[in-house]
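The values are calculated or read from the model by the stated rules, or taken from the named source; none is laboratory data. Values in this document were obtained by computation on a predicted structure and should not be read as measured data. Methodologically, a virtual Cβ is constructed for each residue, glycine included, from the backbone with ideal geometry; neighbour enumeration extends over all protein chains shown.
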Amino acid sequence: MSKRSFVLISVLVAASMLLAACGAGGSAAKTLKIVSSLPMTGSSLTQTQTIVNAEELRLAQANNQACGGKYTLAYEPWDDASAAQGQWDPAVETANANKAAADPSIIAYLGTFNSGAAALSIPILDQAGPLVMISPANTYPGLTKPGKGAPGEPDKYYPASVRNYARVVTADDVQGAVDAKFMFNNLGVKTVYILDDQQLYGKGVADVFEATAKSLGMTVLGHEGIDTKAADYKALMTKISTSNNGQPPDGIFVGMVIDSNATQLLKDKVAIMGDNTKVKFMGPDGIQTQAMIDGAGASTAEGIYASVAGVPLDKLGPAGQQFVKDYEAKYGKLTEPYAVYGYETMNVLLKALENVCASGGDPSNRKQVRDAVFAIKDFNGVLGTWSFDANGDTSLTDMTIYQAKSGAYTAVGTFK
Amino acid sequence: MSTKAKTILRRILITVLVLYVIFLLGPIAGFDVPSIAKAIQADPRQLVQFIIVGVANGAILAIIALGYTMVYGIIELINFAHGDLYMWGVFSSLTILSLTGTLTTKDPVHIIWGIAVALIFAVVFCAVVNVAIERLAYRRLRNAPRLAPLISAIGMSFTLENIGLIWAQQSWIVPSFGTTGGASQKDYPDLLSRLFQGLGYNVNLLASSGLGLRLTIKDLLVIVLAGVLMISLRLFIQRTSLGKAMRATAQNRDAAKMLGIDIDRVISATFLIGGGLAGAAGLMAGLYNGTAWWFMGFRAGLFAFTAAVLGGIGNITGAMTGGFLIGLLASFSDGYLNARWTEAWVFAVLVLILLLRPTGLFGEQVGEKA
């Protein structure tokens, strides 16, 4: 080695040591990663974008920090949909879950939007620490509640025998029942035809609806799964239009998300059976989005009903009002119902992280974060004061029914 | 045993096997003969209604199937991009309807000329695109192994689909595309009903007949337009010299060339006509079903391909018949069986035809292919 190159290398080594020392001193805060996995390709984007906005808003309010600045929080919104499906894609959701499981800096997985997607990622993340999931939107009861889903549920989702999945939204054992009661008591629907999109969520809420409708004494004329990629449903609607002894039913309930061709279904329903005053049309939260009204056309959608867990935005408590104000200041007018749930998922996660730190724990430890999330009791959030039970379900049970009027959903009332 | 007897025996065996499977699995898929018979008996009007829906949807499929079958007849290529070209027909007509202000107007005259302009544009646009696709993706591969143009066709299909996905995001051109991104279904307004109501007529043409049936202006327009297109295509192929050249090229390309027929011109003409038909089908489907979706060409293409195979691929009469049969089958399956199994029934037909009669229903009348 020549003398000159020796000097050069020595200088470089010294400089790099100096830089390393600066680096260590400058970033004392450790970075923790939070990801969300929501369908951001397809009609659900109208809903999911507001969820992501709200989560980012909550994080920005905390200055992207936890535990008094000891940890920096980084948030990445992941997409679990593919264009080919036009909605959430099992392959993408599984890939997301595996990616999250493999990245040790990720301490929470905020998702999913579709219950079918959650059924795939819960077991993967359950065996990864477990990595805690908090969903802003899954409502299929079988994910958490024993005896409310198929045989073997929910235990089959938790191979590590420890719960890692919680949700801030009320499940469909409440929603399907409230919808049935509303149609029967408030709309005077005595005969109903039920359609679903054959997904975990859609079929799940439709099944609860059917069971409740029967127990109320409604006549269920039929319950069918539909082909969600069909060009039209005119023949199906023709069949339904005479299913009630030659007459149309009083109402149609659709258990589905907007991406399952819900707008086409509504169009053909209106084309065959007329507007929504005579034959009522109702669905769960999956169709409570502006995209449903825009996609079907405002005059076609006029008068349809959809339910969402919780109370309407203007009936939220002071914390909720403050959220709406902050949200609208940053992102514009808020009409979608799920933003507040998105905010609450991040909200409750931050609270859990603070609790971990307060008890001297390590918020980069997945198990400790999970335990803290499940220990949340009497949380003072934007949805009100609520707790997680042992299953990871919220203690809130309010449902609000909305009706499409002049091109927008308007709250009709809140039910239990 | 002679070869012929062997073939017959094999066909009988396959038939028995297939029937066995149908009767075994049929009830799961809603294939329950007594209950279907009861449903028909209880309300025969419904049967008529299903036929109307099936024929209208079948007419659209038939027009798409024509594009498949013409191209196959002449260069023996299954043009998988054809279904997606139909999707471009939907989007191009919707774009023109938006640019001419037809989507929002209530003025009947405006709606009529708007639709006419959109029809002409969609037809010309898709025809030109189809010719360009042939020049770009198929012509150089004409003498390559048969797999090469097929793969090229699948590539074109993906290309068209993904451009459609981007197209559906351009809400600055078509404001009604909204802000949900390109992947969601877009509203294609029901202009014909609006037109008819604007003129003070009932949308249901049979409303005053007292039959309790529904035949809307949309059903009628789709069926009539499809009929006109099919008859003119037939006349064109049978009567004009270019039609004659197409038939000759289909029968024997080399012989046709020796007789002085410009093969390239004939093939371009075939793609031009097929593309124009896809554009017309796109406008019809948009007005009839009311939805524009970037992926709609895939399903429609598969159904139309099944229709073309059912009728005997390469055969024009066969493609039309196949289109109507598939439309009716889908409609009956929705109506009498179970909607979730409709797709399965349609593809079961494809499998059956390929097993039992690979030449299709009209496959042997080679003279008619074009």
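Overview of values
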| item | result |
| --- | --- |
| When residues of region B:310-363 are limited to those that are polar (S, T, N, Q) and outside any helix (DSSP H, G or I), the one surrounded by the fewest Cβ atoms within 10 Å (Cβ to Cβ) | B:Thr359 |
| Condition broken by A:Lys99, with the remaining ones in (1) free of Cβ contacts under 8 Å to residues at least 40 places away in the same chain; (2) within 15 Å of A:Gln47 (Cα to Cα) satisfied | (2) |
| Residue among A:Asp227, A:Asp173 that is among the charged types (D, E, K, R), within 14 Å of another protein chain (Cβ to nearest Cβ) and free of Cβ contacts under 8 Å to residues at least 60 places away in the same chain | A:Asp227 |
| Criterion violated by A:Thr335 - all others in (1) assigned to a loop (DSSP other than H, G, I, E, B); (2) buried (at least 24 other Cβ atoms within 10 Å of the Cβ); (3) of a type in the set (Ser, Thr, Tyr) satisfied | (2) |
| Residue within region B:108-115 that is of a type outside the set (A, V, I, L, M, F, W, C), in contact with a helix residue (DSSP H, G or I) (Cβ under 9 Å, 6 or more places away or on another chain), within 30 Å of B:Gly212 (Cα to Cα) and surrounded by fewer than 20 Cβ atoms within 10 Å (Cβ to Cβ) present | yes |
| Cβ pairs under 8 Å, 6+ apart, first in region B:167-183 and touching a residue at least 24 places away in the same chain (Cβ under 8 Å), second of a type in the set (Val, Ile, Thr) | B:Trp167/B:Thr95; B:Ile173/B:Thr95; B:Val174/B:Thr95; B:Gly182/B:Ile166; B:Ala183/A:Thr41 |
| Hits in region A:236-270 - residues which are touching a Pro at 6+ places or on another chain (Cβ under 7 Å) and among the aliphatic types (A, V, I, L, M) | A:Ile240 |
| Count - residues of region B:187-219 that are of a type outside the set (S, T, N, Q), within 14 Å of chain A (Cβ to nearest Cβ) and assigned to a helix (DSSP H, G or I) | 9 |
| Count of residues meeting criterion [at pLDDT 95 or above and over 26 Å from B:Trp294 (Cα atoms)] in region A:191-205 | 4 |
| Failed condition for B:Met246, given (1) surrounded by fewer than 18 Cβ atoms within 10 Å (Cβ to Cβ); (2) in a helix (DSSP H, G or I) | (1) |
| Residue tally, condition hydrophobic (A, V, I, L, M, F, W, C) and within 9 Å of chain B (Cβ to nearest Cβ), over region A:271-294 | 3 |
| Filter result for A:Ala128 (surrounded by fewer than 24 Cβ atoms within 10 Å (Cβ to Cβ), within 18 Å of A:Ala372 (Cα to Cα), among the hydrophobic types (A, V, I, L, M, F, W, C) and touching a residue at least 12 places away in the same chain (Cβ under 8 Å)) | yes |
| Criterion: modelled with pLDDT of 90 or more, away from chain A (no Cβ under 12 Å) and loosely packed, with under 14 Cβ neighbours inside 10 Å - qualifying residue of B:Ile231, B:Ile261 | B:Ile231 |
| Enumeration of residues in region A:199-219 that are over 13 Å from A:Tyr140 (Cβ atoms) and surrounded by fewer than 24 Cβ atoms within 10 Å (Cβ to Cβ) | A:Glu210, A:Ala211, A:Thr212, A:Lys214, A:Ser215, A:Leu216, A:Gly217, A:Met218, A:Thr219 |
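For every residue, the table says whether it meets (1) surrounded by 19 or more Cβ atoms within 10 Å (Cβ to Cβ); (2) outside the structural domain of A:Ser135 (by TED's automatic domain parsing); (3) at pLDDT 85 or above.
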{"position": "A:Arg4", "(1), (2), (3)": "no, yes, no"}
{"position": "A:Cys22", "(1), (2), (3)": "no, yes, no"}
{"position": "A:Ser36", "(1), (2), (3)": "yes, no, yes"}
{"position": "A:Pro39", "(1), (2), (3)": "yes, no, yes"}
{"position": "A:Gln47", "(1), (2), (3)": "yes, no, yes"}
{"position": "A:Glu56", "(1), (2), (3)": "yes, no, yes"}
{"position": "A:Ala97", "(1), (2), (3)": "yes, no, yes"}
{"position": "A:Ser105", "(1), (2), (3)": "no, no, yes"}
